[in-house]
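Please read the structure below before turning to the comments.
A short reminder: the numbers here are calculations on the coordinates, not readings from a lab. Computed from a predicted model, the values in this text were never measured in an experiment. Reconstructed Cβ throughout: ideal geometry from the backbone, glycine too, with neighbour counts over all protein chains shown.
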C-alpha cells in the first residue's frame, strides 16, 4: 500500500515521512496536557474520513492513525485513565467495524503502540470497569484475527 504513494510522492516521499513522524511526536507531547481536545479532533476527522469514498481514503486513514502513535495515556489519576480508555475504546470500535485489511492492521498497530507503555506503567491489578469492558470487547475478535493467516504479521 505504501509503495503506491511513495511512487506518487517521488523524491518527496522521505520528506513526507519525516514530517509525519514529527507531527506524531508533537501530537504525543500535546496529548499530555490537551488529551480531550486531541481525542475530540481525532474522532471528528475519523468520522469525516469514514464518510469519504475517494480512492485515497485508506491512505488518509492510515496517515491519521499513524499521527496518533505517540499519544500518551495517563495512568496516575483514575479520571485521566478513564479518558484514555475511552479513546482506546473508540479505536477498538473502529477496529471492529473497518473492512480494509491495511487500515485494520494500522489500527491494531496503533493500539499496540499506545497500550505497551500503559501496560508497563500499571504495577498492580486495575479493576476499572471501562478497562474491563474494553478488554472484553476486543479479546474475542482480536484472538480470532490472530488465528487467521493474513493477519499473522500484525500479531
Given the rule -39500 (n - 2.57) for each run of at least 4 DSSP H residues, summed and divided by the residues of the chain, what is its mean residue ellipticity at 222 nm, to the nearest 500 deg cm²/dmol? -24000 deg cm²/dmol
May I ask you to order 32-44, 104-116 by the average number of other C-beta atoms within 10 Å around their residues, highest value first? 104-116, 32-44
For region 63-103, radius of gyration divided by Kirkwood radius, i.e. Rg to Rh on alpha-carbons: 1.05
Which value, in Å³ per residue, describes the convex hull spanned by the Cα atoms of the chain? 122 Å³
As I understand it, the value is the acute angle between the Cα axis of helix 129-146 and the longest principal axis of the Cα atoms of the chain; what does it come to in degrees, rounded to 10? 50 degrees
On C-alpha positions alone, give me the angle between the axis of helix 101-121 and the longest principal axis of the chain, in degrees, nearest 10. 40 degrees
On a 0 to 90° scale, report how tilted helix 78-97 is relative to the longest principal axis of the chain, with both axes built from alpha carbons and the result rounded to the nearest 10. 50 degrees
